[in-house]
Amino acid sequence: MNKNFYVILAGGVGAAKLIEGLANVVDPELLKIIINTGDDIELFGLKICPDLDIITYTLANLVDKEKGWGFKNETFNCLSILKRYYNTGWFNAGDCDLATHIYRTDLFKQGFSKDEITTRICQNLGVKSHLIPMCNEDVQTFITTPSGTMHFEEYFIKHQCKPEVLKIHFEGIENSIPVENVLKYIENAKKIIICPSNPIVSIGTILQVNGIKKALSKVKDKTYSVSPIIEGATIKGPADKLMKCIGLEVSCIGVAKFYQDFLGHFIIDNKDCILKPKIEELGIKTYCFDTLMVNLRKKIELAKFIMEL
Ligand code: GDP
């Protein structure tokens, strides 16, 4: 196997920022990106893969950069009628986005796997990197709150991550297997980069796919991650609530402890540099950098820093 490639583990919006930087620093064809599919959902009869789509649209230079998801210059005409038919208003998908969901659903009906469909979508949208769903099997994340259990997307969008989280459950994860060659890619990659994504429901889901965590722990020396937690808080999303729910401290130390079995190198924010010795005690080489990717320059600087380590 040609060893001149990088493996990336990714969720959605947080991951897309670093991946945009990486694609500006190395040839995008060298990136093999394993993406969380635990928040995939079926709505309006359509198969929707939020994280796969965010990374695809980002690398196709079609993403709405303000929102971090969906297409730029999007219209929402179809959705306005769908909402009337289905009498539900919480999920947002623009007209172009719905085209992806229709195409994906059609290919599923024809018998293609999630992996094959992802490759086709990428080819058609001009994405040069290799995007790989974490598995082809259905895995769905459910969140239990005091008022009941709901799909992660419903918790995330409809309830805006407000309810307390009592339990997180990945339905179907026990039957998940990595897509063909993924374990070989992990073994042979030059570096493995774990994006600053939600450690529990983005990276954590990928880690629970049978064999992935074990494969990573064998190549600890070449695994790198950026903390999604800065000064004890998330930039956006429910990582803090979910970390608390499983008994983790909400800090870069909490993330480091969660990744301890397989993480060799950890990039924490300059603002957290005081915590560096505590993370190094866990046997993880730790570096401080400005990790808040507020524009393309910041994304590229962080990507360069990781590539040069
Ligand atoms: P989502 O599920 O689509 O929101 O995206 P991800 O799972 O990829 O990432 C969410 C996580 O990314 C959150 O915990 C954020 O704190 C983190 N994040 C987002 N933007 C940045 C950034 O610019 N720098 C760092 N260090 N973390 C970020």
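The values are calculated or read from the model by the stated rules, or taken from the named source; none is laboratory data. This structure is a prediction, so every number in the text was calculated from the model and none was measured. Note: ideal-geometry Cβ built from the backbone for every residue, glycine included; neighbour counts use all protein chains shown. For the accessible areas, the whole protein counts, side chains as well, though only heavy atoms, and no ligand, DNA or RNA atoms are used. Shrake-Rupley method; radii C 1.70, N 1.55, O 1.52, S 1.80 Å.
Whenever a residue of the stretch 233-255 is closer than 19 Å to residue 142 by Cβ and open to solvent by 10 Å² or more (accessible area, probe 1.4 Å), its partners that are of a type in the set (A, V, I, L, M, F, W, C) and in a helix (DSSP H, G or I), lying with C-beta atoms within less than 9 angstrom and at least six residues away or across chains, give the pairs 237/13; 237/156; 246/258.
One residue stands out among those in the stretch 59-77 that are on the phi < 0 side of the Ramachandran plot and open to solvent by 60 Å² or more (accessible area, probe 1.4 Å): the one that is farthest from the ligand (Cβ to nearest atom), which is 77.
Listed here are the residues, each with its yes/no results for (1) acidic (Asp, Glu); (2) buried (at least 18 other Cβ atoms within 10 Å of the Cβ); (3) at pLDDT below 95; (4) more than 18 Å from the chain's Cα centre (by Cα).
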position: 111; (1), (2), (3), (4): no, no, no, yes
position: 116; (1), (2), (3), (4): yes, no, no, yes
position: 124; (1), (2), (3), (4): no, no, no, yes
position: 133; (1), (2), (3), (4): no, yes, no, no
position: 153; (1), (2), (3), (4): yes, yes, no, no
position: 187; (1), (2), (3), (4): yes, no, no, yes
position: 191; (1), (2), (3), (4): no, yes, no, no
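With respect to the stated conditions, residue 56 fails to be β-branched (Val, Ile, Thr) and open to solvent by 20 Å² or more (accessible area, probe 1.4 Å).
When the residues of the stretch 183-207 are filtered to those that are part of a loop (DSSP other than H, G, I, E, B) and among the small types (Gly, Ala, Ser), which remaining residue is farthest from residue 39 (Cα to Cα)? It comes out as 189. Against the definition (under 26 Å from residue 266 (Cβ atoms) and either more than 17 Å from the chain's Cα centre (by Cα) or within 16 Å of the ligand (Cβ to nearest atom) (or both)), how does residue 165 come out, yes or no? It is true that residue 165 is under 26 Å from residue 266 (Cβ atoms) and either more than 17 Å from the chain's Cα centre (by Cα) or within 16 Å of the ligand (Cβ to nearest atom) (or both).
Checked against (1) of a type outside the set (S, T, N, Q); (2) buried (at least 18 other Cβ atoms within 10 Å of the Cβ); (3) over 20 Å from residue 300 (Cβ atoms), residue 45 passes all but condition (2).
Go through (1) touching a residue at least 60 places away in the same chain (Cβ under 8 Å); (2) within 13 Å of the ligand (Cβ to nearest atom) one by one and return the number of the condition residue 204 breaks. If we test residue 204 against (1) touching a residue at least 60 places away in the same chain (Cβ under 8 Å); (2) within 13 Å of the ligand (Cβ to nearest atom), just (1) comes out false.
So which residues in the stretch 208-220 are closer than 22 Å to residue 280 by Cα, part of a helix (DSSP H, G or I) and aliphatic (A, V, I, L, M)? Before you say what the answer is, go through the steps one by one.
In the first step, residues of the stretch 208-220 are kept if they are closer than 22 Å to residue 280 by Cα; the result is 213-214, 216-220.
Still in the list and also part of a helix (DSSP H, G or I): 213-214, 216-217, 220.
Matches in the stretch 208-220: 216 only.
Taking the criterion of being over 17 Å from residue 268 (Cβ atoms) and open to solvent by less than 10 Å² (accessible area, probe 1.4 Å), the residues of the stretch 203-232 that qualify are 204, 205, 206, 209, 212, 216. Contact map, the stretch 172-200: first residue within 20 Å of residue 142 (Cα to Cα), second residue part of a helix (DSSP H, G or I) and of a type in the set (Phe, Trp, Tyr), Cβ cut-off under 6 Å, separation 6 or more or different chains; pairs are 199/258.
Having 1 or more residues that are under 23 Å from residue 237 (Cβ atoms) and without any contact (Cβ under 8 Å) to a residue 12 or more places away in the chain is the bar; report the strands (runs of 3 or more DSSP E) wholly within the stretch 1-117 that clear it. Steps first, please.
Working: elements: 6-10, 31-35, 41-43, 46-48.
Because the criterion is at least 1 residues that are under 23 Å from residue 237 (Cβ atoms) and without any contact (Cβ under 8 Å) to a residue 12 or more places away in the chain, the strands (runs of 3 or more DSSP E) in the stretch 1-117 that meet it are 41-43.
Condition check: farther than 19 Å from residue 55 by Cα and assigned to a helix (DSSP H, G or I). Does residue 180 satisfy that? It is false that residue 180 is farther than 19 Å from residue 55 by Cα and assigned to a helix (DSSP H, G or I). For the stretch 226-271, residues that are among the small types (Gly, Ala, Ser), closer than 24 Å to residue 158 by Cα and modelled with pLDDT of 95 or more total 2.
Kindly indicate the residue of the stretch 28-58 that is of a type in the set (A, V, I, L, M, F, W, C) and away from the ligand (no atom under 14 Å from the Cβ) and also farthest from residue 132 (Cα to Cα) among those meeting that condition.
Taking the stretch 28-58 and keeping what is of a type in the set (A, V, I, L, M, F, W, C), we get 30-31, 33-35, 41, 43-44, 46, 48-49, 52, 54-55.
Now narrow it down to the ones that are away from the ligand (no atom under 14 Å from the Cβ): 30-31, 43-44, 46.
Working: 30: 13, 31: 10, 43: 22, 44: 25, 46: 20 Å.
Here the answer is 44.
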